[in-house]
Amino acid sequence: MEELIGMKTLYLSDLDGTLLRSDETISDHTREVIERLTESGMIFSYATARSFLTARKVTKGLRAKIPLIVYNGAFVVDNVTGGILYGNYFDDSVQEVLCELFRNEIYPIVYSFAGHTEKFCYIREKCTEGMKRFLDSRKGDVRNTPVADTGELIQGNCFYITCIDEPDKLYPMYERFREQFHCVYERDIYSREQWLEIMPGTVSKAGAAARLKELTGCGRMVVFGDGKNDIELFRMADECYAMANAADELKKIATAVIEGNDEDGVAKWLTRHFAG
């Protein structure tokens, strides 16, 4: 059909809860299917809240051939070097966000680029138990930068703020900033900790996906996801498929609901529907 109408399709999948299983790995079956279909001409990539480094780690063995969307759409990056092809950064309004968080005794992890060096900064003594568990999972990460006080949290151009704390502290901040910035208020699917992520207002998976469509010359897009942060992406896609384990809000707007992330749902759908 694509050959008949002369229109290429971009297939775009979320990672956690979608392409990845519940143990944060990609099954051999999913890896083999995607490798085989991309060799046959499928244009496939992923859009994730993860960084380029952690996304590459959990997708080890999956040779993505086109740019990737990371940090919930903050960046489109080169699939080999991690070089930024399209990016979003906070302006001076980030100081307003941080001051409000500090006033409410919330001390976030702040992601910035200092030149070409990415860092995430935090005050270890101010970390919640949930933050400590997250940071412990990032031991050895070259970006890991503990600092002494709030004045050192931003080192360069800031693009992402992560808060892990109690809902009664984080939800008011979500309400406070959701209209001005791009905010994601969700429980982590692995730890079940409450997260609040704050990004520049220009950030979205949908916006990054539109840029990726341009870069790849695709006229159509088929997407797969499981979380509330995929809603905008679903709304702009030509077809959108929610995993069986997806949030109810996503299922309601999906083209269809497919098998879950632990049943290779994306790979099975692609096997049935990609004609090559």
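Data table
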| read-out | value |
| --- | --- |
| Sulfur and carbon atoms: percent of accessible area, the range 190-276 [1.4 Å] | 46 |
| Cα-Cα P(r), the range 118-236, percent of pairs per 5 Å interval | 2, 9, 16, 19, 20, 16, 10, 5, 2, 0 |
| The range 146-199: Cα Rg divided by the 2.2 N^0.38 Å rule of thumb | 1.23 |
| Whole-Hz couplings from phi, Karplus 6.51/-1.76/1.60, listed for the range 114-126; x for Gly and Pro | 9, x, 9, 9, 8, 9, 10, 10, 7, 9, 4, 5, 9 |
| Peptides ranked, highest mean first, by Cβ atoms within 10 Å: ranges 225-235, 140-150, 90-100 | 225-235, 90-100, 140-150 |
| Size of electric dipole in the range 169-276: Cβ of Lys, Arg +1 and of Asp, Glu -1, about Cα centre, debye, nearest 20 | 260 |
| Kyte-Doolittle at least 0.5, axis length at least 30 Å by Cα - qualifying DSSP helices, the chain | none |
| Calculated diffusion of the range 1-104, Stokes-Einstein form, Kirkwood radius summed over Cα pairs, 20 °C and 1.002 mPa s, µm²/s | 137 |
| Largest-first principal axis extents of the Cα set of the chain (Å) | 59, 37, 35 |
| Equivalent ellipsoid semi-axes - Cα gyration tensor, the range 119-167, angstrom | 17, 13, 11 |
| Above-threshold pairs, the threshold being 20 Å between Cα atoms, out of K169/K252; K8/K65; K213/K268; K228/K251 | K169/K252; K213/K268 |
| Expected-Rg normalisation [2.2 N^0.38 Å, Cα atoms] applied to the range 70-182 | 1.07 |
| Calculated from backbone phi, Karplus (6.51, -1.76, 1.60) coupling profile of the range 149-162 in Hz, x at Gly/Pro | 8, 5, x, 9, 5, 9, 10, x, 8, 7, 9, 7, 10, 10 |
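The values are calculated or read from the model by the stated rules, or taken from the named source; none is laboratory data. What you are looking at is a predicted structure, and each value in this text was computed from that prediction instead of being measured. As a convention, Cβ positions derive from the backbone with ideal geometry for all residues, glycine included, and neighbour counts pool all protein chains shown. The area values use the complete protein model at the heavy-atom level, side chains included, leaving out ligands, DNA and RNA. Shrake-Rupley method; radii C 1.70, N 1.55, O 1.52, S 1.80 Å.
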